[in-house]
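**Student:** Just passing along the structure, written as structure tokens.
The values are calculated or read from the model by the stated rules, or taken from the named source; none is laboratory data. Computed from a predicted model, the values in this text were never measured in an experiment. Here the Cβ positions follow ideal geometry from the backbone for every residue, glycine too, while neighbour counts run over all protein chains shown.
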Amino acid sequence: MESRKLMKIFFMVVAIIMLVVICLYFQKRNIKRNLVSNHNLAKLDPKLINFDSNPDSPVAFGYKCQWFAVKTNDTQAVLDTMELKNIQISNWKTGIEGAYEGYYFISPPINGWTLVINSIMPDLSGTERPNPLDVISDLSSSFGEAYYFGTHRVFEYHAWAKSIKGKLIRAYGYLGETGETIINKGEISKEELENNLIFTDLDVEEPKLPDEENVLFIAKEWTIDPQMENQNYQIGTGFIGIK
């Protein structure tokens, strides 16, 4: 009789442990979706902004933001490839403001690059489409080179990716809310190696984790400095639109 009671207690404990493990698993999956859910809500009703068409100089951005960098001066061709709606002309100041509210800002050419900026577009942490890797694959097929960068200190999301002629060369992404590397593909770049930007997951004894400054640094090394510290930029206008 006593052994039966012990067996019953044992199986109850095992069942509770399994239930806790299952709950933690789905909670972890839901955390990864939270970032995407916030994107969806913001994209449905972006803030109305009076976009200014008067040319101005580039404006710094990068923190809590996402963007593509395309190796081309043909901003119109990038605009056509992105298939946006409700397109307007916009300068840098109001374009960047819009990008932080859910609009896509396609910049004027800047030192041989065109930027596509939207802080809350789909990222690498969830399943929402279009996936950034698919976007840079398409863009690099058309323009030769395309890059993706994303960082958000609240979610501790930090990512970068490179595509050349339609082929993914390098992709790295980390999501601090789940404490895991969400993607790590391709050969580690020279810039990452030379600057010791080699990271671990959270669950090691001495974790080394990425931060937003690492994303901005890689962007500067691979493409254009998003902080626009070089003052030798021309004034211009780009385009604003939504998906």
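**Student:** How many residues does the stretch 133-149 contain that are under 21 Å from P210 (Cα atoms) and surrounded by fewer than 24 Cβ atoms within 10 Å (Cβ to Cβ)?
**Tutor:** Number of matching residues: 1.
**Student:** Can you give me the ranges of the strands (runs of 3 or more DSSP E) entirely in the stretch 124-243 with at least 2 residues that are closer than 23 Å to L84 by Cβ and in contact (Cβ under 8 Å) with a residue 40 or more places away in the chain?
**Tutor:** 145-152, 237-242
**Student:** Report yes if S90 is crowded, with 18+ Cβ neighbours inside 10 Å and touching a residue at least 24 places away in the same chain (Cβ under 8 Å), otherwise no.
**Tutor:** Considered against the rule, which asks whether it is crowded, with 18+ Cβ neighbours inside 10 Å and touching a residue at least 24 places away in the same chain (Cβ under 8 Å), S90 comes out as yes.
**Student:** Pick from A77, A69: which is part of a strand (DSSP E or B) and of a type in the set (G, A, S)? Walk me through it before giving the result.
**Tutor:** Working: A77 fails: part of a strand (DSSP E or B).
Exactly one residue qualifies, and that residue is A69.
**Student:** Further question: Say whether the condition of being on the phi < 0 side of the Ramachandran plot, buried (at least 19 other Cβ atoms within 10 Å of the Cβ) and part of a loop (DSSP other than H, G, I, E, B) is met by at least one residue in the stretch 105-115.
**Tutor:** For the stretch 105-115, residues on the phi < 0 side of the Ramachandran plot, buried (at least 19 other Cβ atoms within 10 Å of the Cβ) and part of a loop (DSSP other than H, G, I, E, B): present.
**Student:** Let me ask something additional. For A171, which of the numbered conditions (1) within 17 Å of E145 (Cα to Cα); (2) modelled with pLDDT under 95; (3) among the aliphatic types (A, V, I, L, M) fails to hold?
**Tutor:** Going through (1) within 17 Å of E145 (Cα to Cα); (2) modelled with pLDDT under 95; (3) among the aliphatic types (A, V, I, L, M) one by one, A171 breaks only (2).
**Student:** Working only within the stretch 171-180, note down all residues that are more than 14 Å from the chain's Cα centre (by Cα) and either closer than 20 Å to V135 by Cβ or surrounded by fewer than 17 Cβ atoms within 10 Å (Cβ to Cβ) (or both).
**Tutor:** Of everything in the stretch 171-180, those that are more than 14 Å from the chain's Cα centre (by Cα) and either closer than 20 Å to V135 by Cβ or surrounded by fewer than 17 Cβ atoms within 10 Å (Cβ to Cβ) (or both) turn out to be E177, G179, E180.
**Student:** Can you tell me which residue is surrounded by the most Cβ atoms within 10 Å (Cβ to Cβ) among those in the stretch 48-71 that are over 17 Å from Y233 (Cβ atoms) and among the hydroxyl-bearing types (S, T, Y)?
**Tutor:** Looking at residues that are over 17 Å from Y233 (Cβ atoms) and among the hydroxyl-bearing types (S, T, Y), I get Y63.
**Student:** Mind listing whichever residues of the stretch 78-87 are surrounded by 14 or more Cβ atoms within 10 Å (Cβ to Cβ) and either of a type in the set (D, E) or over 23 Å from A60 (Cβ atoms) (or both)? Before you say what the answer is, go through the steps one by one.
**Tutor:** In the first step, residues of the stretch 78-87 are kept if they are surrounded by 14 or more Cβ atoms within 10 Å (Cβ to Cβ); the result is 78-79, 81-82, 84, 87.
Passing the criteria: T81, L84, I87.
**Student:** A further question follows. Looking at L41 and the list (1) surrounded by fewer than 18 Cβ atoms within 10 Å (Cβ to Cβ); (2) modelled with pLDDT of 95 or more; (3) not in a loop (DSSP other than H, G, I, E, B), which single condition is not satisfied?
**Tutor:** L41 satisfies all of (1) surrounded by fewer than 18 Cβ atoms within 10 Å (Cβ to Cβ); (2) modelled with pLDDT of 95 or more; (3) not in a loop (DSSP other than H, G, I, E, B) except (2).
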